[in-house]
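The structure under discussion appears below in the form of structure tokens.
The values are calculated or read from the model by the stated rules, or taken from the named source; none is laboratory data. Computed from a predicted model, the values in this text were never measured in an experiment. Glycine gets a Cβ as well: all are built from the backbone with ideal geometry, and neighbour counts include every protein chain shown. Accessible surface is based on the protein model in full, side chains and every heavy atom, while ligands, DNA and RNA are left aside. Shrake-Rupley method; radii C 1.70, N 1.55, O 1.52, S 1.80 Å.
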Amino acid sequence: MSFVTCDLCDDHPDHVRVCEPMFNTFGGRDAFGGRIRTVKCFEDNSRVKELLATPGQGDVLVVDGGGSLRCALLGDLIGESAVQNGWSGVVVYGCVRDVDALGDLDLGVQALASMPLKSVRKGIGDVDVPVTFGGITFVPGQYVYADNNGVIVSDKKLI
């Protein structure tokens, strides 16, 4: 998948919503996109791990971690599982860890920051619910595109 979010914004101004700038690139894919799946959780990555262990079919997991900077919601092992299961990428409104290993994976990863501390696992979190951060709402079934320029969302497939 080859695209530039700037061009998608120019070509589809009536179909894109742009997330406020806040993310850093951590994965091996600089540009990624696909159908949105979501997890809403706070300092508990149980649902992230579970969902990324299922067939991704090129989808992108958008994780609303409440913007917490106190622990990571994604690391190398869960990232490897995502690659093995065909996910295109993960956008985390929170932290990731094992960033050198994530950078070696064929997976797009954008997150607020890195944090070496892992999250707890209590089995708490919601899957495939609309989540809002960065000034936009990510709706399951819509499309997200991300690169080093930013993160955008569209109600229709753009590429």
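Quick check on my filter: what residues within segment 10-29 are in a helix (DSSP H, G or I) and either free of Cβ contacts under 8 Å to residues at least 60 places away in the same chain or open to solvent by less than 40 Å² (accessible area, probe 1.4 Å) (or both)? Talk me through it step by step, then tell me what you get.
From segment 10-29, those in a helix (DSSP H, G or I) are 10-11; that's our starting set.
10, the sole residue that qualifies.
Can you pull out every residue in segment 80-106 that is open to solvent by less than 30 Å² (accessible area, probe 1.4 Å) and either under 16 Å from residue 133 (Cβ atoms) or of a type in the set (Gly, Ala, Ser) (or both)?
81, 82, 88, 89, 90, 91, 92, 94, 95, 96
Could we say that residue 32 is out of contact with any helix residue (DSSP H, G or I) (no Cβ under 7 Å at 6 or more places or on another chain) and surrounded by 15 or more Cβ atoms within 10 Å (Cβ to Cβ) here? Give the steps one after another, and end with the answer.
Working: out of contact with any helix residue (DSSP H, G or I) (no Cβ under 7 Å at 6 or more places or on another chain): yes; surrounded by 15 or more Cβ atoms within 10 Å (Cβ to Cβ): yes.
Taking the combined requirement at face value, the residue satisfies it.
Just checking, does segment 50-60 include any residue being touching a Pro at 6+ places or on another chain (Cβ under 7 Å), modelled with pLDDT of 95 or more and within 23 Å of residue 150 (Cα to Cα)?
To start, the set of residues in segment 50-60 that are touching a Pro at 6+ places or on another chain (Cβ under 7 Å) comprises none.
No, the conditions are met nowhere in segment 50-60.
Can you give me the number of residues within segment 88-104 that are touching a helix residue (DSSP H, G or I) at 6+ places or on another chain (Cβ under 6 Å) and either charged (D, E, K, R) or closer than 17 Å to residue 35 by Cα (or both)?
Number of matching residues: 1.
Given the conditions (1) more than 22 Å from residue 148 (Cα to Cα); (2) crowded, with 20+ Cβ neighbours inside 10 Å; (3) free of Cβ contacts under 8 Å to residues at least 60 places away in the same chain, and given that residue 77 satisfies all but one, which numbered condition is not satisfied?
Here residue 77 meets the rest and fails (2).
If residue 39 meets every condition in (1) open to solvent by less than 40 Å² (accessible area, probe 1.4 Å); (2) under 29 Å from residue 124 (Cβ atoms); (3) part of a helix (DSSP H, G or I) apart from one, which number is that one?
Every listed condition holds for residue 39 apart from (3).
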